[in-house]
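The values are calculated or read from the model by the stated rules, or taken from the named source; none is laboratory data. All values reported here derive from a predicted model rather than from experimental measurement. When we count neighbours, we look across all protein chains shown, and the Cβ atoms used for this are built from the backbone with ideal geometry, even at glycine. The accessibility values were calculated without ligands, DNA or RNA, using every heavy atom of the protein model including side chains. Shrake-Rupley method; radii C 1.70, N 1.55, O 1.52, S 1.80 Å.
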Amino acid sequence: MKVAVSALEPSIDSAVDERFGRAMFFVVHDTETNETETIDNDVNRKALQASGIASAELVAGAGVRAVITGHLGPKAFSALGLAGIKGYAGVGMTVREALDAFRTDALDELTEAGESHQG
Amino acid sequence: MASHDMLPGRRLTIAVASGKGGTGKTLVATNLAVAIARTGVPTTLVDCDVEAPNDALFLPPDAPETREVTVPLATVDQSACTSCGACRDACAYGAIRLLGGTVVFAELCNGCGLCATVCPTSAISEAPRPVGEVEWGSVPLGVAGPGGVKMVTGRLEIGDVKATNVIRAARRRARVLSRSVDILDAPPGVACSAVAATHGADMLVLVTEPTQFGLHDLDLAVRLGKELRIPIGVVINRDGAGGTDLDAYLAGAGVPILARIPFDRSIAEAYADGGLVLDAHPDAPGWFDAIWDGIAQMTVEAE
């Protein structure tokens with residue numbers, strides 16, 4: 001299963017970026033093959049509006065089934081929901097710590113949208 | 001007053017706007033409409049403050065009619081859609097996304113219809129999406145005789161963002177009613193909805209107050225009016241309160257003062273009571289005559 005973690009740096013040792021739509025990078029990790037790739041979220045980070053929808057589309061296109069981030073705005077939350085992708089909170093962790101916690105079901109699922117434009 | 005002599009055969013559109021909210025646009029727009037109607041000129045008042053319309057609280061129309069305002073919304077027939085992404089790539093507003101299937105985000109769709117024309121399987125059509133309503137009717141002649149005021153109100157659906165569509169629909173209704181003078185009560189600010197409510201007007205009446213906030217936002221509104229190439233006149237409301245000197249700014253900007261409405265408790269009381277200041281303050285007919293005369297002069301000069 002592929003998991004995308006919003007990250008400040010393009011590295012598995014980066015801190016988790018609390019923003020989803022305007023995250024700096026996504027670290028995409030496959031829990032079955034242990035392969036990791038990073039996606040630069042440059043375009044969406046600079047979008048005038050609706051970055052959450054665009055980032056949801058980006059990770060959906062990468063085959064992701066779960067995202068780990070800080071919080072999800074209303075548009076990102078509904079867009080991820082449409083794509084069948086669940087969101088989890090990984091505030092204050094590194095990407096590696098967040099992925100380890102995800103594997104042991106230790107992360108809280110984001111079950112509702114937060115405020116718009118927190119990022 | 002002589003100003004309405006020049007009106008037969010000619011229509012005049014006056015936008016009442018302000019940068020800052022709460023300066024008295026509604027007070028000026030409602031009383032000006034009635035003052036003009038009382039000179040015998042058929043007038044329409046269009047409430048373009050569609051997120052918080054309240055002109056009709058002061059001038060309730062008899063037996064109003066309403067019509068829904070809709071915008072076209074791209075609608076995907078999922079059984080015909082192949083998720084090829086052609087519509088997604090064509091959409092300039094990022095309103096169409098591939099999320100499992102092809103998904104349209106209504107709040108981002110501008111209803112241009114390009115997606116439907118590029119779809120290779122004709123899976124996209126446009127369906128009307130309600131975003132608000134326009135209400136219109138006649139204000140009783142006892143209030144606004146003998147010219148009469150037709151009251152048009154644009155009302156945006158709560159939570160919707162398509163204010164400009166509702167404003168344009170309200171202005172279209174006013175054109176259909178085809179009266180001598182249309183007064184457009186614009187929303188505050190200088191963003192899209194204020195532009196939609198003022199562009200194409202013959203005259204821009206900016207209502208301000210002598211405070212630092214009033215001056216700051218007046219400057220924004222003056223710059224908007226100049227950008228739109230509309231003659232501008234200013235009404236200073238709550239004159240005597242606030243203490244900020246607007247005259248120097250206005251002289252520098254080359255913008256005339258049409259009238260000063262004093263800071264006076266009886267005006268606030270009449271307004272809070274849903275009444276007309278015209279009927280509550282002995283000097284009020286003079287202020288609105290002065291505004292109307294100033295508008296008439298400036299719009300003749302502009303021709």
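Points worth noting:
- Here A:VAL43 meets the list (1) open to solvent by less than 50 Å² (accessible area, probe 1.4 Å); (2) in a helix (DSSP H, G or I) almost entirely, failing just condition (1).
- Every pair of residues 6+ apart whose Cβ atoms lie under 7 Å, when the first sits in segment B:154-172 and is over 11 Å from B:GLU133 (Cβ atoms) while the second is assigned to a helix (DSSP H, G or I) and open to solvent by 40 Å² or more (accessible area, probe 1.4 Å): B:THR164/B:CYS192
- Number of the exception - B:THR208 against (1) under 24 Å from the mean Cα position of the chain (by Cα); (2) without any contact (Cβ under 8 Å) to a residue 40 or more places away in the chain: (2)
- Scanning segment B:91-114 for residues that are in a strand (DSSP E or B), more than 8 Å from chain A (Cβ to nearest Cβ) and either under 14 Å from A:ALA50 (Cα atoms) or under 28 Å from the mean Cα position of the chain (by Cα) (or both) gives B:ILE96, B:VAL104.
- Positions within segment A:61-103 being open to solvent by less than 30 Å² (accessible area, probe 1.4 Å), assigned to a helix (DSSP H, G or I) and under 19 Å from B:LEU98 (Cβ atoms), in sequence order: A:ALA76, A:ALA79, A:LEU80
- Of the residues making up segment B:180-192, those that are out of contact with any Gly (no Cβ under 8 Å at 6 or more places or on another chain) and surrounded by fewer than 24 Cβ atoms within 10 Å (Cβ to Cβ) are B:ALA191, B:CYS192.
- Some residue of segment A:25-37 being outside any loop (DSSP other than H, G, I, E, B), out of contact with any Ser or Thr (no Cβ under 8 Å at 6 or more places or on another chain), under 21 Å from B:GLY85 (Cα atoms) and open to solvent by 10 Å² or more (accessible area, probe 1.4 Å): no
- In segment A:38-51, the qualifying residues are those that are closer than 19 Å to A:GLU9 by Cα and of a type outside the set (A, V, I, L, M), and the one that is farthest from the other protein chains (Cβ to nearest Cβ) is A:THR38.
- Filter result for B:GLY22 (in a loop (DSSP other than H, G, I, E, B), in contact with an Asp or Glu (Cβ under 9 Å, 6 or more places away or on another chain) and assigned by TED's automatic domain parsing to the domain that holds B:ARG229): yes
- Residue count for segment B:24-45 satisfying the condition of being within 19 Å of B:VAL190 (Cβ to Cβ) and either in contact with a helix residue (DSSP H, G or I) (Cβ under 8 Å, 6 or more places away or on another chain) or not small (Gly, Ala, Ser) (or both): 4.
- Screening B:VAL71 on (1) open to solvent by less than 30 Å² (accessible area, probe 1.4 Å); (2) touching a Lys or Arg at 6+ places or on another chain (Cβ under 7 Å); (3) within 14 Å of chain A (Cβ to nearest Cβ) shows it passes everything except condition (3).
- All told, B:ILE167 meets the bar of being among the β-branched types (Val, Ile, Thr) and either open to solvent by 10 Å² or more (accessible area, probe 1.4 Å) or in a helix (DSSP H, G or I) (or both).
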